[in-house]
Structure formats: structure tokens, C-alpha cells
1. Scan segment 140-161 for residues that are under 15 Å from the mean Cα position of the chain (by Cα) and either on the phi > 0 side of the Ramachandran plot or open to solvent by 60 Å² or more (accessible area, probe 1.4 Å) (or both) and report the count.
2. When segment 18-27 is examined, which residues are found to be within 19 Å of LEU112 (Cα to Cα) and either of a type in the set (A, V, I, L, M, F, W, C) or touching a helix residue (DSSP H, G or I) at 6+ places or on another chain (Cβ under 6 Å) (or both)?
3. Anything in segment 184-243 that is open to solvent by less than 60 Å² (accessible area, probe 1.4 Å), assigned to a loop (DSSP other than H, G, I, E, B) and within 9 Å of the ligand (Cβ to nearest atom)? List them, or say none.
4. Checking MET172 against (1) modelled with pLDDT under 95; (2) open to solvent by less than 70 Å² (accessible area, probe 1.4 Å); (3) part of a loop (DSSP other than H, G, I, E, B), which test does it fail?
5. I'd like the full set of residues that are at negative phi, more than 16 Å from the chain's Cα centre (by Cα) and among the hydrophobic types (A, V, I, L, M, F, W, C), limited to segment 162-189.
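The values are calculated or read from the model by the stated rules, or taken from the named source; none is laboratory data. Since this is a predicted model, take the numbers as computed values, not measurements. Methodologically, a virtual Cβ is constructed for each residue, glycine included, from the backbone with ideal geometry; neighbour enumeration extends over all protein chains shown. Side chains are part of the model used for accessible areas, which takes the heavy atoms of the whole protein and leaves out ligands, DNA and RNA. Shrake-Rupley method; radii C 1.70, N 1.55, O 1.52, S 1.80 Å.
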Amino acid sequence: MTAISADQSALVLFSGGQDSATCLAWALARFARVETVGFSYGQRHLIELESRDALIRGMAALQPEWAARLGERHTLDIPTLAEVSETALTRDIAIEMGEGGLPNTFVPGRNLVFLTFAAALAYRRGIRHIVGGMCETDFSGYPDCRNDTIKALNVALDLGMARAFELHTPLMWLDKAATWTLAGELGGRGLVDLIVEHSHTCYLGERGARHDWGYGCGQCPACSLRARGWRVYAASRENGRAQ
Ligand code: ZN
């Protein structure tokens with residue numbers, strides 16, 4: 001087997017949600033070796049991490065070349081993140097808007113922490129490309145999802161680790177409907193169906209009710225956003241404008 005260079009390999013921040021599942025497919029379509037990393041930080045929707053197995057199995061079954069590209073799966077425990085943040089993602093409190101226009105689901109600096117740990121892991125694994133589902137379009141006001149934040153962090157990581165990482169955020173300018181469309185372009189109806197069935201988005205970690213857009217409470221901001229995006233996507237697919 002020939003060695004795969006750092007430039008042909010990618011590490012995907014893979015939580016098991018719709019966005020990161022789409023990012024994983026995006027990376028599988030581009031890189032010869034793709035590893036994934038998920039973070040356990042005391043989130044209430046820990047079930048999200050359990051969806052990863054079904055998604056990876058499904059993607060491997062969908063396209064044989066993707067199966068050959070899938071590499072190691074990593075899970076990193078960062079319990080400290082919950083310790084330093086009083087948020088509705090890590091505590092049993094209601095989701096609401098807080099001061100400064102940020103919802104109380106905001107975990108300060110979460111994506112900075114995730115990307116820094118991902119870069120440290122990529123460094124050790126000899127991987128240059130790091131892929132994350134950060135998105136400025138639908139973002140709930142999270143400043144660590146902004147394109148400028150990611151670009152600045154890319155510079156800081158390169159300087160601080162003396163490497164030339166490339167942080168990719170393929171969803172940065174897409175809304176949720178366009179993210180479904182991208183999944184259709186990458187893996188056809190099979191991939192869209194897989195993501196609907198197995199990805200997890202709901203902040204409350206509920207998988208009770210099955211909606212046309214997947215499982216979830218249907219009420220929390222994450223469910224509302226996913227449902228709204230699905231309706232737009234499904235309507236355009238009906239009209240033959242999307243796959
Ligand atoms: Zn929900």
C-alpha cells in the first residue's frame with residue numbers, strides 16, 4: 001500500500017449531526033484518507049455521538065470508494081468545557097435568549113477548543129486538512145462560527161504548531177436547505193435519506209418522534225432550523241430543481 005501524504009488526508013469534526021455528516025461526505029469525495037473526531041463535553045444531546053456509527057456504516061455501504069477512504073475514528077473527552085459553561089446544552093435548563101442577543105445554548109469558545117484539539121490530533125496523525133461544519137448563514141449568533149474567527153484561528157494554529165493547516169468550512173455560506181442540496185449532490189438520494197434517518201440535531205437529545213426531516217423534539221432551535229431547511233429543500237426537490 002502506498003503511503004498517503006498529509007495533503008491527501010483530512011480530519012473531519014464529526015458529531016453525528018446533519019452538518020457534520022454532510023461535511024464527512026464532502027471530505028470523502030475529496031481526500032484519499034479521512035479520519036473523524038467527535039467530542040464528548042457533557043452535552044445533553046450525547047445521543048448525537050451515538051449516531052456516528054450508523055452514519056459511517058451507511059456512507060461506507062453507499063459508495064465503495066468512500067469505504068476505502070474511511071480511516072480512524074477518534075473521540076476526545078473534554079468534560080472541562082461543561083465545567084466552565086453554564087449553558088442549556090450542558091445543564092438541564094430551558095433554552096432561551098440571553099443577554100447580548102446570544103441564546104443560552106452558546107458554549108463560549110466551543111469551536112475554538114474543538115478546532116485546537118483537532119489540530120493537535122491532526123498534527124500527531126500527519127494530517128493537513130481539517131474540516132468543520134461551522135456556518136455563518138444560519139448561525140444563532142455564535143461568534144465562534146464566523147468565517148473571520150475560523151480564518152484567524154487557522155493563522156494562530158499554523159504559527160503555534162509550526163504547520164500549514166488548512167481549515168475547511170464547506171457549509172460556511174450555505175443555509176440548511178442548501179446543506180440538504182449539497183448532500184444530494186455528494187451522495188444522491190441515498191445519502192440524503194441516510195442523514196435524515198441517522199443524523200441527530202435536537203439539542204434536547206430527543207429521538208422519540210420521526211418527522212419527515214428526521215428525529216427530534218421538533219420545538220428546540222436546532223429542530224426548528226432543521227425542519228425549516230428540510231421544507232424548503234423538499235419543495236425545491238419536488239419541483240425538480242434539486243436532487
Ligand atoms: Zn429538538
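1. 1
2. CYS23, the sole residue that qualifies.
3. Residues satisfying the conditions are THR201, CYS202, TYR203, GLY205, GLY216, CYS217, GLY218, CYS220.
4. (1)
5. ALA164, PHE165
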